[in-house]
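Written out below as structure tokens is the structure these notes cover.
The values are calculated or read from the model by the stated rules, or taken from the named source; none is laboratory data. These numbers were taken from a predicted model, which means no experiment stands behind them. Note that we place each Cβ from the backbone using ideal geometry, even for glycine, and neighbour counts take in every protein chain shown.
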Amino acid sequence: MIIAGNWKMNTTPSDAGSLALTIAAADAVGPFTRNGGVVVICPPYLSVPVVAARLQPTSVLVGGQNCHWEAAGAFTGEVSASMLADVGCRYVILGHSERRRDQLEDDHMIGLKAVAAIGAGLTPIICVGESLAEREAGVTVDVVTQQIDGVVAAAGADTIRRSILAYEPIWAIGTGLAATPQQAQEVHAAVRSHCRSRHGIDVPILYGGSVTDQNADELFAQADVNGALVGGASLKAAAFNEIIRAATPHV
């Protein structure tokens, strides 16, 4: 089980460190990580060094929210995978729907970023998901598997084998809506089957999209849900602790 918190563009360096320590000290974290569970916090870039330094003595790991596909160069405003690794990151989120929408990222670009991330020693968390219109049209599985195939075409199956997938229905991100546990399981099972049959790989699949301490129990009870990529609830230490607690029996 993997529980990752995506803090998005929230927290300043001055308050990120204390929030990270509060999360690391929560009573559910120790039992979860001792049994093989993984907790990752992905703060904004400027907060990464502070959070990494504070968490270094703990079992909670740190990730970035994005990286560039090149190791260095004239890419104003970008951050390389090696820069993230150098300040203590072990993971990086790639292809989040907000970046696909706002920065026009596509599957090929995400695949190149995944290659760069693995080359720098990071584990990519690659996001896939459908819009509300696509869900209503009944093409969810087609959309999600096509996204995976696009990343594989750019990066190769071995890159995906060394990654984590996160199914995040776009209509559930930041809306308060969430896929039902049955909807999540249906997509996760289809993704797992597709990855095995088409690409010969098996990877952890997280659910993301308005995960809360209220719905975590039912989500984690699903056979093909291997954890969560948590947004807003990861900024509330008590709620994040309860999500980790809900995941603990499934490690």
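Here are some residues: 177, 122. Which one is in contact with a helix residue (DSSP H, G or I) (Cβ under 7 Å, 6 or more places away or on another chain) and crowded, with 18+ Cβ neighbours inside 10 Å?
Result: 122 is the single residue among 177, 122 that is in contact with a helix residue (DSSP H, G or I) (Cβ under 7 Å, 6 or more places away or on another chain) and crowded, with 18+ Cβ neighbours inside 10 Å.
Considering 193, 163, which residue is among the polar types (S, T, N, Q), closer than 20 Å to residue 94 by Cα and either surrounded by fewer than 19 Cβ atoms within 10 Å (Cβ to Cβ) or within 17 Å of the chain's Cα centre (by Cα) (or both)?
Testing whether each residue is among the polar types (S, T, N, Q), closer than 20 Å to residue 94 by Cα and either surrounded by fewer than 19 Cβ atoms within 10 Å (Cβ to Cβ) or within 17 Å of the chain's Cα centre (by Cα) (or both) leaves just 163.
With respect to residue 172, determine if the residue is buried (at least 18 other Cβ atoms within 10 Å of the Cβ), over 23 Å from residue 36 (Cα atoms) and either at pLDDT below 95 or out of contact with any strand residue (DSSP E or B) (no Cβ under 7 Å at 6 or more places or on another chain) (or both).
yes
Could you list, in sequence order, all residues of the range 73-131 that are under 14 Å from residue 168 (Cβ atoms), over 16 Å from the mean Cα position of the chain (by Cα) and of a type outside the set (D, E, K, R)?
The answer is 131, and nothing else.
Determine, yes or no, whether residue 228 is under 20 Å from residue 28 (Cα atoms) and under 16 Å from the mean Cα position of the chain (by Cα). Quick ask: steps written out before the conclusion?
Values: under 20 Å from residue 28 (Cα atoms): yes; under 16 Å from the mean Cα position of the chain (by Cα): yes.
Yes, satisfied.
Mind checking which helices (runs of 4 or more DSSP H) fall wholly inside the range 2-87 and carry at least 1 residues that are modelled with pLDDT under 95? So that I can check it myself, show each step before the final result.
Numbers: elements: 13-24, 29-34, 48-55, 81-86.
By residue number, 13-24.
Does residue 251 count as crowded, with 24+ Cβ neighbours inside 10 Å and either in contact (Cβ under 8 Å) with a residue 24 or more places away in the chain or out of contact with any helix residue (DSSP H, G or I) (no Cβ under 6 Å at 6 or more places or on another chain) (or both)?
In short, no.
Considering only residues that are of a type outside the set (D, E, K, R), touching a Gly at 6+ places or on another chain (Cβ under 8 Å) and not in a loop (DSSP other than H, G, I, E, B), look in the range 88-114 and name the one that is surrounded by the fewest Cβ atoms within 10 Å (Cβ to Cβ).
Top of the filtered list is 108.
List every residue pair whose Cβ atoms lie under 7 Å apart, where the two residues are 6 or more positions apart in sequence or sit on different chains, the first residue falls within the range 149-170 and is farther than 10 Å from residue 201 by Cα and in contact (Cβ under 8 Å) with a residue 40 or more places away in the chain, and the second residue, located anywhere, is part of a helix (DSSP H, G or I) and among the acidic types (Asp, Glu).
Pairs found: 150/107; 151/107; 154/107.
What pairs can you find where one residue is in the range 187-200 and within 22 Å of residue 170 (Cα to Cα), the other is among the hydroxyl-bearing types (Ser, Thr, Tyr) and buried (at least 17 other Cβ atoms within 10 Å of the Cβ), and their Cβ atoms are less than 8 Å apart, with a gap of 6+ or different chains?
Filtered contacts from the range 187-200: 187/140; 187/167; 188/167; 188/207; 190/145; 191/145; 191/167; 194/145.
Any idea which of (1) polar (S, T, N, Q); (2) under 18 Å from the mean Cα position of the chain (by Cα); (3) surrounded by fewer than 18 Cβ atoms within 10 Å (Cβ to Cβ) is the one residue 146 doesn't satisfy?
The one condition residue 146 does not meet is (2).
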